[in-house]
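Beneath this line is the structure, given in structure tokens, with notes to follow.
The values are calculated or read from the model by the stated rules, or taken from the named source; none is laboratory data. These numbers come from a predicted model, not from an experiment. Cβ: placed from backbone, ideal geometry, glycine included. Neighbour counts: every protein chain shown. The accessibility values were calculated without ligands, DNA or RNA, using every heavy atom of the protein model including side chains. Shrake-Rupley method; radii C 1.70, N 1.55, O 1.52, S 1.80 Å.
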Amino acid sequence: MSENVLVARSLTKRYGGVTVVDQVDLTLPKGEIYGLVGRNGAGKTTIIRMVCAQTLPSGGEIELFGVTGEGELQKARSRTGAMVEIPSFYPYLTARENLEYYRRQRGIAGRDVVEDALQQVGLANTGRKKFKTFSLGMKQRLGLALALMDRPELLLLDEPINGLDPEGIVEFRNLLLELNRQYHTTILISSHILSELQNLATRYGFLDKGKMLEEVSAVTLAEKCRDCLELKVDDAPRAAALLERQLGYRDFEVVAGGAIWLYEGLGEPEKVTRLLIEQGVSLAGMEHRGANLEDYFLNLIGGVRHG
């Protein structure tokens, strides 16, 4: 049975009369890379801030490394590192000097932690280069190095690849994968770039309007995002009933926009075409496709599942 590093139970946050996180349940097993998926305002950043104690929950419970209660949680948070935004580094200091400043400020023992962190993120050879001259990718890497100085078992990252160019995204992704593989670091990462999360995550949580819609493993998601026929029809409920009653198909989805994703009969689309035309259902188009993470999320917040 896998050990859970982070568990949230009915986690809630209200600002005045507005609920931004609404009774969220979240489970992050040890060693996983958890992709937190949601649009702007879905509550991703607020959840991470509550886990880090940067803001207090209005309700619910957080469990870290098997403990709850504020005293025990405070100790458990020493085993975590977080990057919610790029920290305020000194522009005229080098990467090494900036980390040394924070090491002393935080009372972290051993100067070797600075060198180790710089090595991990690929900034060990920046020499006398000042922070003000760093590219955005280098700044993101230094922010990650700061989060890694305490050698955390759990890493919390809020939109860390936002604003990076394609090359920077690939570099950052490979860095996180290496941290996970080599150091067994458990990672919680939120991002708007859903296609990039699909290259990273082993588990997903889908948020919308402060609510957790679904948690799913990458293996299960891959099965759900398998190849299908997309049917664009004028009457999706009637077409769905015909597919089930006349052809015996049950494995399909009525998705947002009134289309149907059909996972059966991919090798004989003419049977579907003939049935719908004979029964007076207008078929505007039929396309063979495989759903990706973005398709799945959009369907989750607006579609209906069958089968």
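Accessible area of the range 91-152 with a 1.4 Å probe: how many percent of it is carbon plus sulfur? Carbon and sulfur atoms account for 48 percent of the accessible area of the range 91-152. Given the alternatives [x] 18.3, 56; [y] 23.3, 77; [z] 19.1, 60, Rg and Dmax of the Cα atoms in Å as computed for this entry is given by [y]. Placing dummy labels 7 Å off each Cα toward the beta-carbon, the span from Asp165 to Leu283 is 4.7 nm. Taking Ala259, Ala53, Ala284 in turn, the Gaussian network model of the chain (Cα-Cα springs below 10 Å) assigns the largest fluctuation to Ala284. Heavy-atom surface analysis with a 1.4 Å probe gives the range 1-75 a carbon and sulfur content of 45 percent of its accessible area.
Apolar share of the accessible surface for the range 199-307: 47 percent from carbon plus sulfur atoms, 1.4 Å probe.
For the chain, the solvent-accessible area works out to 48 Å² per residue, with a probe of 1.4 Å and every protein chain left in place. Modelled this way, with points 7 Å down the Cα-to-C-beta line, the labels at Asp25 and His184 are 2.8 nm from one another. Using a cut-off of 24 Å between Cα atoms, the listed pairs Lys232/Lys271; Lys75/Lys209; Lys75/Lys211; Lys30/Lys75 include Lys75/Lys209; Lys75/Lys211 as exceeding that distance.
Counted over the chain, the DSSP beta bridges are approximately 70% antiparallel. Result for the chain in a Gaussian network model with C-alpha springs under 10 Å: among Glu85, Glu153, Glu270, the largest mean-square fluctuation is at Glu270.
Taking the chain as a Gaussian network of alpha-carbon nodes connected by springs under 10 Å, the highest mean-square fluctuation of the residues Ile260, Ile193, Ile108 belongs to Ile108. The angle between the Cα long axis of helix 136-148 and the longest principal axis of the Cα atoms of the chain comes to about 70 degrees, rounded to the nearest 10. For the chain, the relative contact order is 19 percent, taking Cα pairs closer than 8 Å that sit 6 or more residues apart in sequence and dividing their mean separation by the residue count. Between the Cα long axis of helix 236-247 and the first principal axis of the chain there is an angle of about 60°, rounded to the nearest 10. A Förster distance of 25 Å, applied to the separation of the beta-carbon atoms of Thr220 and Arg245, puts the FRET efficiency at 0.30. Computed from Cα positions, the angle between helix 112-121 and the longest principal axis of the chain comes to roughly 30 degrees.
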